[in-house]
Amino acid sequence: MGVENQTNPRQLPPHVFVLFGATGDLAHRKLYPALFQLHRKGLLPDGVSILGTARTEFTHDAFRDEVHKALQSFVKEDISDNDWKGFAQRIYYIQGNVDNVEDFKKINQFVRELEQKRDHGGNRLFYLSMAPRFFAETALNLKASGLSDTKGWRRLIIEKPFGHDYESAAELNDQLGTAFEEDEIYRIDHYLGKEMVQNIEVIRFANSMFQPLWDNRSIQSIQITSSETVGVEERASYYEKSGALRDMVQNHMLQMVMMTAMEPPSRLHTEAIRDEKVKVLRSLRRYDVDEVKNHVIRGQYTAGQMNGKSVPGYLEEPGVAENSTTETFVAARLFIDNFRWAGVPFYIRTGKRMPVKSTEIVVQFRDMPKHLYFNQNGQLGPNLLVIRINPVEGMYMQMNVKRPGTENVVVPIAMEFSQSTDKSPEAYERLLHDAMIGDSTFFTRWDEVSLAWKFVDPIAQAFSEDKAPLHHYASGEWGPQASADLVREQGGIWWPVYGESTPSVETVLRGQEASTEVKF
Ligand code: NAP
């Protein structure tokens, strides 16, 4: 361990970071800013080099200029000359086509030369930031060219989507398996890099006040919302094939379900945590194709108003088939059939063109017996614990108290904690750091991916065979009416999420009719 490592225990091991898809959108918007932040924070030792590759021709210097422009567009803070110069010295580019094994040999030759110049320890980290159809071929060519044969460690980071269904995911996994071991494969789900998603475990397992309540005796239901305001934008060619189910539910939404529902791991060890997450998926009730319509709502946005502006419907978006039935919204009621969660509905919803962008988990506790206290409506609001993941990071608890100056009028109050998102590293920064250090806790293991597909496949089949109706909703609404009805079947409502009403009003109105605003 070098001197720098002794002063900064989080400093990363030396390696060559080989980025496939170096000219792409994700690389520009997320990966270069993340790598730059790691550099700026002093976490990258001298022996870390970044080698970009794609088909476009660039000299090393022209590519550095390209990266510089990306940083100027996508890094929030000012970039000092000093930081940039240090970062630029790490960056190289080799043109190559992943179809061509000879290009991999060229890259291999270059990496060897780099390794002789700087001490990279023979460690190689490959990041596939390109269309999924290239994943298998690239992994096989890494092996065939000798680029993945190295005296140090080698790791492969792979972007989503991992397959289109269980069968294609299994095939991809087999192909990757011929070149990399499971513990060398890091499947990205960037939600797992979000500060508050990682915090779910801490909130649950570091607070004695929640732990005894975290089961079907105390919890009425759990709701997980991940909403976007944007439409399909220029991603129609991808989205038409994926839809919200494959784009959001199979990965991000189920990951949040797992984090919320898992048993405490025996210790904070990667495999112990992943084992507990997988058990949730094993207990997740699967719906057969004919049952899907009873528990899953699919929707598609039509034209509407967003922030006072007219926006087109999904079918009018460029690149979308005129009779497309692709879902831009999914709501579902899930059940985890194990001892802890039997009977507790987990409602999830995700969609585009929603009124606000928000990701939140709302834990609704069971009602108190209602013979003692009521509010003015003769009701008592439930206790809620809200974990706010995006755009604000924090927690919110709703409790009931006596309204000051009254005899026994009960009103809901909010206890709110929010942390500055400026201090939280971006998800990609954290995940890159983890992969570099060899910590795969917040990457998805194959059994998670495969079980998630096995759950999703019958739903996708019901959608494609039209066995679950396609509902429509106007842009700017919270999905179709059927989504509200799904929750109402068990007497619930979708709780408002952050940004839906102003926080000050929200603090007293959660769970109440708007007309019952209470002012202290
Ligand atoms: P993109 O903008 O289309 O970039 C694709 C990259 O692949 C480009 O650098 C392209 O460069 C390179 N490429 C294409 N064909 C190639 C070939 N035959 N040989 C070598 N390089 C080739 O895609 P992206 O949006 O960055 O997405 C990359 C991955 O991240 C995808 O798996 C996507 O699903 C995932 N992802 C993206 C986002 C996002 O926000 N963009 C978010 C989540 C996940 P050349 O044309 O120069 O070869």
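The values are calculated or read from the model by the stated rules, or taken from the named source; none is laboratory data. Quick caveat, the model's predicted, so the values are computed rather than measured. Cβ sites come from the backbone with ideal geometry, for glycine too, and all protein chains shown count toward neighbours. With ligands, DNA and RNA removed, areas are computed over all heavy atoms of the protein, side chains included. Shrake-Rupley method; radii C 1.70, N 1.55, O 1.52, S 1.80 Å.
First measure r as the distance between the Cβ atoms of Lys454 and Gln175, then evaluate 1/(1 + (r/R0)^6) with R0 = 25 Å and state the FRET efficiency to the nearest 0.05. Spell out each step's value before the answer.
Working: r = 20 Å, r/R0 = 0.78.
Between Lys454 and Gln175 the formula returns 0.80.
At a Cα cut-off below 12 Å, give the aspartates and glutamates reachable from Lys402, other chains included and same-chain residues fewer than 8 away excluded.
Within the straight-line cut-off, Lys402 pairs with nothing.
Could the peptides 246-258, 151-163, 68-80 be put in order, highest first, of the mean number of other beta-carbon atoms found within 10 Å of their residues? Could the numbers behind the result be given before it?
Details: 246-258: 24.5, 151-163: 19.8, 68-80: 13.2.
Final packing ranking: 246-258, 151-163, 68-80.
Cut-off 18 Å, label point 7 angstrom out along Cα-to-Cβ of Phe74: give me the residues of segment 92-129 whose amide nitrogen falls inside.
Flagged as within label range: 92-94, 126-129.
Taking a probe of 1.4 Å, how large is the accessible area per residue of segment 1-126, in Å²? Don't skip to the answer; put the middle values down first.
Working: 6040 Å² over 126 residues.
So segment 1-126 comes to 48 Å² accessible per residue, rounded to a whole number.
Got a number for carbon plus sulfur as a percent of segment 241-398's accessible area, 1.4 Å probe?
Values: 3240 of 6200 Å².
Percent of accessible area from carbon and sulfur atoms in segment 241-398: 52.
Under a straight-distance cross-link criterion of Cα-Cα below 21 Å, which lysines are reachable from Lys293, leaving out those fewer than 8 residues away in the same chain?
Cα-Cα hits under 21 Å: Lys241, Lys352, Lys454, Lys467.
Straight-line reach from Lys143: which lysines have Cα under 24 Å away, leaving out those fewer than 8 places along the same chain?
Here the lysines satisfying the reach criterion relative to Lys143 are Lys105, Lys106, Lys117, Lys151, Lys160.
Treat every Asp and Glu Cβ in the chain as -1 and every Lys and Arg Cβ as +1, leave all other atoms uncharged, and give the resulting dipole magnitude about the Cα centre to the nearest 20 debye.
Numbers: 59 positive and 71 negative charges, 219 e Å.
For the chain, the charge dipole is close to 1060 debye.
Which order, highest average first, do 11-17, 289-295, 278-284 follow once you tally other Cβ atoms within 10 Å for each residue and take the mean per peptide? It would help to have the intermediate numbers written out before the result.
Numbers: 11-17: 23.3, 289-295: 16.1, 278-284: 18.9.
Highest mean packing first, the order is 11-17, 278-284, 289-295.
Within 10 Å of each candidate Cβ there may be at most 10 other Cβ atoms; applying that plus a DSSP loop requirement, which trypsin sites (Lys or Arg not before Pro) in segment 24-66 survive?
Answer by residue number: there is no such site.
Keeping all protein chains in place, calculate the accessible area per residue for segment 195-352 (probe 1.4 angstrom), answer in Å².
Values: 6210 Å² over 158 residues.
That works out to 39 Å² per residue.
For Asp189, list long-range residues whose amide hydrogen, built 1.01 Å from N in the peptide plane, is under 5 Å from its own amide hydrogen.
Thr444
Determine the calculated [θ] at 222 nm for the chain from helices alone, applying -39500 (n - 2.57) to every DSSP H run no shorter than 4 residues and normalising by the residue count; nearest 500 deg cm²/dmol. Before the final figure, lay out each step's value.
Working: 16 runs with 167 residues, N = 520.
Estimated from H runs of four or more residues: -9500 deg cm²/dmol.
Over the chain, what is the relative contact order in percent, taking alpha-carbon pairs closer than 8 angstrom and at least six residues apart? All intermediate terms of the calculation are to be shown ahead of the outcome.
Working: 960 pairs, mean separation 84.5, N = 520.
Value for the chain: 16 percent.
Shape of segment 22-117 from its Cα gyration tensor (a ≥ b ≥ c, root eigenvalues): rounded if a/c is under 1.5, otherwise prolate when a/b > b/c, or oblate?
Oblate, because a/c is 1.5 or more while a/b does not exceed b/c.
Classify segment 254-405: rounded, prolate or oblate, from the alpha-carbon gyration tensor (a ≥ b ≥ c, eigenvalue square roots; a/c under 1.5 rounded; otherwise prolate if a/b is larger than b/c)? The partial results should precede the final answer.
Numbers: a/c = 1.85, a/b = 1.21, b/c = 1.53.
Since a/c reaches 1.5 but b/c is at least a/b, the shape of segment 254-405 is classed as oblate.
Ignoring ligands, DNA and RNA, please state the percent of accessible area on segment 30-75 from carbon and sulfur, probe 1.4 Å.
Numbers: 850 of 1920 Å².
Ligands and nucleic acids excluded, carbon and sulfur give 44 percent.
Shape verdict for segment 10-49, please, from the Cα gyration tensor: rounded (a/c under 1.5), prolate (a/b greater than b/c) or oblate. Before the final figure, lay out each step's value.
Values: a/c = 3.42, a/b = 1.61, b/c = 2.12.
Oblate shape, in that a/c is at least 1.5 and b/c is the bigger or equal ratio.
In segment 297-354, which GluC sites (Glu not before Pro) fall in coil by DSSP and have 10 or fewer other Cβ atoms within 10 Å? Intermediate values should be presented prior to the final figure.
On the way: sites: Glu316, Glu322, Glu327; in loops: Glu322, Glu327.
Passing sites in segment 297-354 are Glu322.
Please give the FRET efficiency for Asp25 paired with Val401, using the beta carbon to beta carbon distance and R0 = 56 Å, rounded to the nearest 0.05.
Details: r = 49 Å, r/R0 = 0.88.
Plugging the Cβ-Cβ distance into 1/(1 + (r/R0)^6) gives 0.70.
Under a point spin-label approximation (7 Å from Cα along Cα-to-Cβ), what is the Leu114-Glu234 distance to one decimal in nm?
If labels sit at Leu114 and Glu234, their model points lie 2.8 nm apart.
Which residue, Gly381, Thr326, Ser227, has the largest displacement toward the positive end of the dipole of the chain when charges sit on each Cβ (Lys, Arg +1; Asp, Glu -1)?
Projecting each Cα onto the dipole axis, the largest value belongs to Gly381.
Say R0 is 25 Å: what FRET efficiency, to the nearest 0.05, do Gln481 and Asp367 get from their beta-carbon distance? The partial results should precede the final answer.
Working: r = 25 Å, r/R0 = 1.02.
The formula returns an efficiency of 0.45 here.
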